[in-house]
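Peer 1: Below is one structure. I have some questions about it.
Each value in this text was obtained by applying a stated rule to the coordinates, not by laboratory testing. Bear in mind that the values here come from a model prediction, so they are computed numbers and not experimental data. Cβ coordinates were reconstructed from backbone atoms using ideal geometry, including for glycine residues, and neighbour counts include every protein chain displayed.
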Amino acid sequence: MRIEGKNYKTIWFDQNSKNVKIIDQTKLPHEFIIKNLETVDDAINAIKVMEVRGAPLIGATAAFGIVLAIKENNDLNFIKKSAEDLVKARPTAINLQWAVHRMNNKISMIKSENLFDVALKEAELICGEDETFCEEIGKNGLKLIEEIYNKKKSTINILTHCNAGWLATINWGTATSPIYHAHKKGIPIHIWVDETRPRNQGANLTSYELNEEEIPNTIIADNTGGILMQRGQVDMCIVGTDRTLSNGDVCNKIGTYLKALAAKDNNVPFYVALPSSTIDWNLKNSEDIPIEERDPNELSHIDGIIGDKKVDGIQIYPKKSKALNLAFDVTPAKYVTALITERGICEASEDGLKRLFK
Ligand code: MRU
């Protein structure tokens with residue numbers, strides 16, 4: 001997707017330096033900085049501090065992390081320990097362990113002298129597949145937007161939460177892919193962007209990438225979606241997911257559940273867009289999903305810009321107050337109108353998912 005008119009992906013391997021390049025998302029929207037990951041520890045750190053974030057992108061970063069581990073030391077014990085550390089970097093998105101397992105399976109079949117090349121090829125395959133899947137999600141989701149547009153014949157208002165955009169994937173995004181496809185087709189759309197406290201992925205990342213693609217959007221505080229739905233100013237919601245259970249329950253950025261409740265109460269369709277790498281076929285009970293709890297400082301401190309100068313870490317809460325920073329919640333399948341996947345649209349249920357992914 002475009003930044004200042006130039007096409008980028010969110011992560012790539014640089015053959016000259018043999019390093020991995022990422023767009024440092026902690027610096028957006030005020031600075032666009034491409035950062036080098038040289039070691040597996042760099043990859044682990046990038047995932048932990050959210051220089052890269054979003055379920056598919058942290059999976060891809062973990063895959064490249066294995067490549068960097070092999071570059072450093074192709075001893076199998078070192079690679080095994082690196083794989084374990086990568087999986088522990090963030091607990092909720094299933095893509096992380098999915099990608100690491102896939103890399104482990106691939107390299108376990110290979111003679112040591114070829115490890116690096118095989119691992120690199122597999123990591124690039126993971127990225128290529130994600131890009132294709134996200135593009136297919138876009139084509140499938142476009143049909144839903146077209147259906148609404150054919151009835152309404154005027155601007156479609158879509159609400160999204162967090163950033164399930166191209167910055168969260170390799171390209172296109174999941175929730176944003178139908179939006180980009182609709183825009184390219186000339187359907188008039190306007191996006192309500194949930195700010196997504198505490199890290200403001202909606203305001204800082206989703207609004208930023210929509211601006212770059214010249215898609216009209218308005219940032220709203222996380223509590224505003226409800227009244228907009230009551231007023232008939234939201235035609236549909238589309239969000240992403242970090243882990244989708246086989247029964248259709250969806251774990252996504254904290255606050256998604258409240259939006260789904262408001263959507264249900266106001267008959268606003270609530271769609272979840274996902275590549276199949278986000279489906280957890282094993283876990284049966286959503287209470288068993290590990291919900292990441294992050295540093296309360298992310299709530300109590302805020303970064304910004306004054307004039308041209310970046311200011312970090314301004315305290316906004318009483319120093320003595322405690323804060324709880326749960327990063328994700330679960331939206332039960334009954335509140336999800338449908339899942340939009342690379343293979344098509346299905347009911348958020350075991351039957352629905354099995355019909356597409358036998
Ligand atoms: O904490 P983050 O920014 O990694 O959370 C990201 C989300 O919740 C996204 O909605 C999800 O990963 C889907 S990304 C296509």
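Peer 1: What number does segment 118-230 give for Rg over Rh if you use C-alpha atoms and the Kirkwood radius?
Peer 2: For segment 118-230, the value is 1.02.
Peer 1: Starting from the coordinates of the alpha-carbon atoms of segment 1-60, obtain the Kirkwood hydrodynamic radius over all distinct pairs and give the value in Å to one decimal.
Peer 2: One decimal place: 12.0 Å for the Kirkwood radius.
Peer 1: If we restrict to alpha carbons, what Rg and Dmax does segment 222-265 come to, in Å?
Peer 2: For segment 222-265, the Cα-based Rg and Dmax read 11.3, 34 Å.
Peer 1: Right, next: What does the C-alpha gyration tensor say about the overall shape of segment 199-253? Classify as rounded when a/c is under 1.5, otherwise prolate if a/b is larger than b/c, or oblate.
Peer 2: Values: a/c = 1.96, a/b = 1.27, b/c = 1.54.
It is oblate, given that a/c is not under 1.5 and a/b is not larger than b/c.
Peer 1: Tell me, rounded to the nearest percent, the portion of alpha carbon pairs in segment 280-340 spaced more than 20 Å apart.
Peer 2: Cα-Cα pairs of segment 280-340 separated by over 20 Å account for 53 percent.
Peer 1: How many angstrom lie between the Cα centre of segment 167-232 and the Cα centre of segment 1-31?
Peer 2: 21 Å
Peer 1: Still on this structure, I have one more. In units of 2.2 N^0.38 Å, what is the alpha-carbon radius of gyration of the chain? Write out the running numbers ahead of the final one.
Peer 2: Values: Rg = 19.9 Å, N = 358, 2.2 N^0.38 = 20.6 Å.
For the chain, the normalised Cα radius of gyration is 0.97.
Peer 1: Quick one: compute the contact order of segment 225-296, relative version, from alpha carbon pairs under 8 angstrom and 6+ residues apart, as a percent. Don't skip to the end; give the middle numbers.
Peer 2: Values: 81 pairs, mean separation 27.9, N = 72.
Value for segment 225-296: 39 percent.
Peer 1: Here is a follow-up. According to the Kirkwood expression over distinct Cα-Cα pairs, how big is the hydrodynamic radius of segment 163-279, in Å?
Peer 2: Working: mean 1/r = 0.0693 Å⁻¹.
One over the average 1/r among Cα pairs gives 14.4 Å for segment 163-279.
Peer 1: Please go through the residue pairs LYS6/LYS309; LYS71/LYS111; LYS18/LYS80; LYS48/LYS253; LYS151/LYS185 and name each one whose alpha carbons sit more than 19 Å apart in this structure.
Peer 2: With Cα atoms farther than 19 Å apart: LYS6/LYS309; LYS18/LYS80.
Peer 1: To the nearest 20 debye, what is the magnitude of the charge dipole of segment 270-346 about its Cα centre, counting +1 on the Cβ of each Lys and Arg and -1 on the Cβ of each Asp and Glu?
Peer 2: Values: 9 positive and 12 negative charges, 48 e Å.
I would put it at about 240 debye.
Peer 1: Can you give the Rg/Rh ratio of segment 307-349, where Rg is from the C-alpha atoms and Rh is the Kirkwood radius?
Peer 2: Here Rg/Rh amounts to 1.31.
Peer 1: Using unit Cβ charges (K, R positive; D, E negative) and no other charged atoms, how large, in debye to the nearest 20, is the dipole of the chain about its Cα centre?
Peer 2: 540 debye
Peer 1: If you stretched the chain out fully between ASP117 and ILE291, how much longer would it get, using 0.36 nm times the residue separation minus the C-alpha to C-alpha distance?
Peer 2: 59.1 nm
Peer 1: Ratio of Rg to Rh for segment 37-182, alpha carbon only, Kirkwood?
Peer 2: 1.10
Peer 1: Above 21 angstrom, tally the Cα pairs of segment 210-358 and express them as a % of all pairs, no decimals.
Peer 2: 56 percent
Peer 1: Follow-up. To two decimal places, what compactness ratio does segment 29-108 give when its Cα radius of gyration is scaled by 2.2 N^0.38 Å?
Peer 2: Working: Rg = 12.2 Å, N = 80, 2.2 N^0.38 = 11.6 Å.
Normalised Cα radius of gyration, segment 29-108: 1.05.
Peer 1: Once Lys and Arg get +1 and Asp and Glu get -1 on their Cβ, which of ILE314, GLY255, LEU326 lies farthest toward the positive end of the dipole of segment 241-335?
Peer 2: Sorting the options by dipole projection puts first ILE314.
Peer 1: Also: Going by how many other Cβ atoms sit within 10 Å of their own, how do PHE13, PHE270, PHE357 line up, fewest first? Display every interim value, and only then the final one.
Peer 2: On the way: PHE13 17, PHE270 25, PHE357 14.
Result, fewest neighbours first: PHE357, PHE13, PHE270.
Peer 1: At ALA323 and VAL49, where each label point lies 7 Å from the Cα along Cα→Cβ, what is the point-to-point distance in nanometres?
Peer 2: My value for the distance between the label points is 1.9 nm.
Peer 1: Further, regarding this structure: In deg cm²/dmol and to the nearest 500, what is the mean residue ellipticity at 222 nm of the chain if only DSSP H runs of at least 4 residues count, each as -39500 (n - 2.57), divided by the residue total? Numbers along the way, then the final one.
Peer 2: Numbers: 11 runs with 135 residues, N = 358.
The per-residue figure over the chain is -12000 deg cm²/dmol.
Peer 1: Right, something else. What residues qualify as long-range amide H neighbours of HIS190, i.e. H under 5 Å apart, gap of 5 or more or another chain, H built at 1.01 Å from N?
Peer 2: Counting only residues 5 or more places away or on other chains, the set is ILE156, ASN157, ILE158.
Peer 1: Sticking with this one: Between the alpha-carbon centers of segment 120-135 and segment 140-161, tell me the distance in whole angstrom.
Peer 2: Taking the Cα centre of each part, segment 120-135 and segment 140-161 sit 28 Å apart.
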